[in-house]
Amino acid sequence: MTQPDLTRRGFLARSALIGCSLAASPLLTPVSFAATPWDNRLVVIILRGGMDGLDVIQPVGDPAFAALSQSGRARKPLPLDGYFALHPALAPLVPLWTAGELQAVHAVSTPYRNKRSHFDGQDLLEAGTVDLAAGTGRDGWLNRLLQTVPGAEAETAYAIGTDNGMILSGDAPVSRWTPESDLTLSPQAVRLARRVMQDDPRFAAALDQAFLLADSDGDPLAVTGGQREMMSEMMQDMKAARTGSAAQRVADFTAGRLRADSRIAAFSITGWDTHDNQQAGIGRALAELSRTILALRDGLGPVWAKTTVLTMTEFGRTARVNGTGGTDHGTGGAMLLAGGALNRARVVSRWPGVDEAALFDRRDLMPTRDIRAHAGWVMRGLFGLERSVLENSIFPGLELGDDPGHLA
Amino acid sequence: MTFQPELAAIRFGCGLSPVIAPPSSPQVILRSLDLPDDIATRFPVEPFELYLKRLQYQNRLRELQRKAKSDADRKEAREALQKLRRTTRDESTLWFVSTLGRRAWTQVPFRERLTQFWADHFTATGKGGVMMTAMASYIESAIRPNVSGRFENLLAAAVSHPVMLHYLDQDNSAGPNSARAKKSNGKVGLNENLAREVIELHTLGVSANYSQTDVRELARLFAGMSFEPARGFVFRENLAEPGTKTVLGKTYGKGPAETGDISAVLRDLARHPSTARHLSTKLARHFISDTPDPGLVADMTDRYLETKGDLAAVYEVMLTHPTAWSEEAPNVKQPLDWMGSALRALAVPPAQLKAIKPGKVRQMFLQPLALMGHNWGRPDGPNGLPEDDSAWVSPQGLAARLQWAVSVPTLLMPDLPDPRDFVTTALGSRATDNTRFAAKAAETRWEGVGLVLASPAFQCL
């Protein structure tokens, strides 16, 4: 078992060093699966910018599709099920499809309509509500999921990266970190920093977590020695933060946490807002996405079999390619799912068609199902949630509907 | 709740300085905006007019590369292009140092704060080649000279700027009935990116009452706005859309499309009541509190409308309102505000700052800033930085600030101040028992100074 990532030795060193209360720390809870609410894992990747679902999962079987896409969408997509085909930049994920570990959902969206703002669209996707006027504040649906589970602790869920996404914000404690962060201080400075931060509880709480995480990444928080040792340690941290790809670092960190006590992780990938010369931009973003998914699979090892990865975006893009080889903000789009917990490879869709009369506003792919229903059924399968909890607490206002059958 | 010099220097300035006195009244702060911009000369940033030369040179080299007759010629052109990009990238790090140096040494710190506020409101940057590092020059030429005039002038300068036209894909957008679109058989056409963000982010705000049709009509009006490295902004008539366009119920452009129609629609958007409310709310949230007093926002909105968007008049309402001086729930400084105020409190000598090599600028400033959540020159999107304090008080953000505070000042200044004195220099009457204790008990100067800079009192506005 790999969970004593936070080792006994590390814990003793820390308590001697810091010498103050860690009563609220997850480290004091015996590390075992009994202490965590579930054994299954969920990773949510937010694709910021609005992914063009019609380019990523192309409806090549729809006769109206070809006319929409001239010169903007990828040519020679990879066949999936005869009707839908995969963007060639996702070729690295074909082995997952073959192994039954990749699915797509098409023509879905959040309840967001008409204004097509990235920022409101992302807020609504992360809030998981019907509209932003509902006054949920900065309360995300993954956080509300944690609120329904008595055993959840801060370590149960991780928001990773520097962008502080709202999806995990809320009353339930969660952990936040980015793998590039590290801290090296003298033991005395560690004590004094805690004291200084007591002046403001928000800062004190953030510092507690920063110290725990900085100390659990393999190199210690507190270093004794002179300025030279300290500086060299810090420069090494900075160098380490720059080696390899960001996708790899985030995936490695996420996999490490999920192999230990964490069950839920969320982070985001940007680069989907392809108004202009779409193939250049979306190619890079899809390469980043496939690297991330494969690194998660490799890093999770046997735990991959218990894992589902959901990739969700704020909206799809216009059905027609625009005047500059790209696509503008739209409505319906696609979601990709990956993981060993899926039952088989398939594209799930109530396909609306893309001839002009079938489009939303005569411009966007018509959403035929709420994306939250798919996320809801996945969570019901992974975590055994009641239908009423999903429809009332996690996704208020959602009609969960029939089981699309994503999981084994 | 009345004016206090120290609070004014922190909340509306770049923090306390051991050598520059805080302002004595709101009027002093407001009048300072009329002073000549001396600090910009002391800490220069390349104006965009000069930056265009780099783009011209890039175009010439690209052409040479394309037309090269031999592999050797092609290689030479390619290497010259790489060198141009490298030197531009390196020089752009020095413009970042100037941005910080201005904060450390300016007598008009409110101008620095306003410049960053509006630069963030009109977030734009390059997306490839030499353009990648154009942000500082864009801010210098389009934003900085316009922060205290009419909003409609600032709006026009930002929206028509080559960096904005490039960032939000306006430069190739063609009206569906333009000469160019007709010739292309439907291959080229409209791109609505800039039009949407002008309405949603720059003027009315997303909660205002507008429709997809308004976005589309504004995009039709904007078609034609473009730029050339040799001339800067150009209006390409072959991309412009003929005929009338109706935005928010008002019709523009009866004759052939022209830039006058664009100026008119921008002026109308700038003077719209929703814009007045949106901008007033954002200013109050940025400078005062995440939850500003509704009375303050209403007063600012009224003044905005009375003066047709005279920004100096709106700032006056903000600075003379009693709730501007409330110490309850102050904002947390954004990373650049925090880092700049640290250099100001330390009074890092200008020569020391200017001597830092580009690689070190990245290592000592730009990478730590990115870990704090502000990727300078590489924004995540056109909506700019979050205003919510919760975005800045995260474990990873705080770790980055603490690490920077204990390590970088000592690299900049071998002779750091005594931490026991520095508590007062940096915090004034805000110094708490805990910060005083930490400054005294720290084992080294650099940790003592770092703990003061990382303290909650120093991190708040």
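The values are calculated or read from the model by the stated rules, or taken from the named source; none is laboratory data. Owing to the predicted nature of the structure, the values given are computational and were not obtained by experimental measurement. So basically every Cβ, Gly included, is an ideal-geometry build from the backbone, and we count neighbours across all protein chains shown.
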Inset, instruction - Taking A:Ile269 as meeting all but one of (1) surrounded by fewer than 24 Cβ atoms within 10 Å (Cβ to Cβ); (2) assigned to a strand (DSSP E or B); (3) out of contact with any Lys or Arg (no Cβ under 9 Å at 6 or more places or on another chain), write down the number of the exception. - result: (3)
Legend entry - Check on A:Trp304, more than 14 Å from the chain's Cα centre (by Cα) and more than 30 Å from A:Ala66 (Cα to Cα): yes
Legend entry - Boolean, A:Asp123 is charged (D, E, K, R), surrounded by fewer than 16 Cβ atoms within 10 Å (Cβ to Cβ) and under 28 Å from B:Ala195 (Cα atoms): no
Legend entry - Test: residue in region A:326-333 that is away from chain B (no Cβ under 14 Å) and either assigned to a strand (DSSP E or B) or at negative phi (or both): yes
Inset, instruction - Of all residues in region B:399-426, count the ones that are at the interface with chain A (Cβ under 9 Å from one of its Cβ atoms) and at pLDDT below 95. - result: 7
Inset, instruction - For residues that are crowded, with 19+ Cβ neighbours inside 10 Å and within 7 Å of another protein chain (Cβ to nearest Cβ), scanning just region B:427-445, find the one that is farthest from the chain's Cα centre (by Cα). - result: B:Ala442
Inset, instruction - Could you look through region A:40-68, keep only residues that are part of a strand (DSSP E or B) and among the charged types (D, E, K, R), and pick out the one that is farthest from the other protein chains (Cβ to nearest Cβ)? - result: A:Arg41
Legend entry - Where B:Trp338 falls short, out of the listed (1) closer than 23 Å to B:Arg271 by Cβ; (2) aromatic (Phe, Trp, Tyr); (3) under 19 Å from the mean Cα position of the chain (by Cα): (1)
Inset, instruction - Give me the pairs, please: first residue somewhere in region B:400-412 and assigned by TED's automatic domain parsing to the domain that holds B:Leu366, second residue anywhere and of a type in the set (Ser, Thr, Tyr), beta-carbon distance under 7 Å, and either six or more positions apart or on two chains. - result: B:Ala400/A:Ser181
Inset, instruction - Could you give me the residue pairs with C-beta distances under 6 Å whose first residue belongs to region A:202-219 and is at pLDDT below 75, whose second residue is buried (at least 18 other Cβ atoms within 10 Å of the Cβ) and not small (Gly, Ala, Ser) wherever it lies, and which are 6+ apart or on separate chains? - result: A:Ser216/A:Leu6
Legend entry - Qualifying positions in region A:273-323 - assigned to a strand (DSSP E or B) and in contact with a Lys or Arg (Cβ under 6 Å, 6 or more places away or on another chain): A:Thr307, A:Thr318
Inset, instruction - May I ask you to verify whether A:Leu168 is within 24 Å of A:Arg48 (Cβ to Cβ), more than 14 Å from the chain's Cα centre (by Cα) and crowded, with 23+ Cβ neighbours inside 10 Å? - result: no
Inset, instruction - Looking at (1) facing chain B (nearest Cβ under 9 Å); (2) more than 20 Å from the chain's Cα centre (by Cα); (3) in a helix (DSSP H, G or I), find the lone condition where A:Leu213 falls short. - result: (2)
Legend entry - Residue that is farthest from the chain's Cα centre (by Cα) [pool: residues in region B:190-215 that are closer than 15 Å to A:Asp120 by Cβ and among the hydroxyl-bearing types (Ser, Thr, Tyr)]: B:Ser211
Legend entry - Subset of region B:149-171 (residues that are in contact with an Asp or Glu (Cβ under 7 Å, 6 or more places away or on another chain), within 14 Å of chain A (Cβ to nearest Cβ) and touching a residue at least 60 places away in the same chain (Cβ under 8 Å)): B:Leu165, B:Leu168
Inset, instruction - Considering every residue within region B:128-140, establish whether at least one is under 23 Å from A:Lys115 (Cβ atoms), away from chain A (no Cβ under 12 Å) and out of contact with any strand residue (DSSP E or B) (no Cβ under 6 Å at 6 or more places or on another chain). - result: no
Inset, instruction - Determine if region A:174-182 includes at least one residue that is touching a helix residue (DSSP H, G or I) at 6+ places or on another chain (Cβ under 6 Å), facing chain B (nearest Cβ under 9 Å), surrounded by fewer than 24 Cβ atoms within 10 Å (Cβ to Cβ) and within 21 Å of B:Asn383 (Cα to Cα). - result: no
Legend entry - Selection from region B:31-45 of residues that are outside any loop (DSSP other than H, G, I, E, B) and either surrounded by 11 or more Cβ atoms within 10 Å (Cβ to Cβ) or among the charged types (D, E, K, R) (or both): B:Arg31, B:Ser32, B:Asp38, B:Ile39, B:Ala40, B:Arg42
Inset, instruction - Output the qualifying pairs, or none if there are none: Cβ atoms under 8 angstrom, residues six or more apart or on different chains, first residue in region B:450-461 and at the interface with chain A (Cβ under 7 Å from one of its Cβ atoms) and of a type in the set (A, V, I, L, M), second residue surrounded by fewer than 24 Cβ atoms within 10 Å (Cβ to Cβ) and part of a helix (DSSP H, G or I). - result: B:Ala457/B:Leu427; B:Ala457/B:Arg430
Inset, instruction - Provide a single number: the residues in region A:85-108 that are closer than 18 Å to A:Asp364 by Cβ and assigned to a loop (DSSP other than H, G, I, E, B). - result: 0
Legend entry - helices (runs of 4 or more DSSP H) wholly inside region B:233-331 containing at least 1 residues that are closer than 30 Å to B:Lys53 by Cα and in contact with a strand residue (DSSP E or B) (Cβ under 7 Å, 6 or more places away or on another chain): B:259-270
Inset, instruction - May I ask you to list the residues in region A:306-321 that are crowded, with 24+ Cβ neighbours inside 10 Å and in contact (Cβ under 8 Å) with a residue 60 or more places away in the chain? - result: A:Thr307, A:Thr308, A:Val309, A:Met312, A:Thr313, A:Glu314, A:Phe315, A:Gly316, A:Arg317, A:Ala319, A:Val321
Legend entry - Members of region A:188-210 found to be among the basic types (Lys, Arg) and at the interface with chain B (Cβ under 9 Å from one of its Cβ atoms), listed by number: A:Arg191, A:Arg195, A:Arg202
Legend entry - Pair list, Cβ < 6 Å and 6+ apart or interchain, from region A:81-110 residues that are more than 12 Å from A:Gly339 (Cα to Cα) to residues that are surrounded by 16 or more Cβ atoms within 10 Å (Cβ to Cβ) and acidic (Asp, Glu): A:His87/A:Asp55
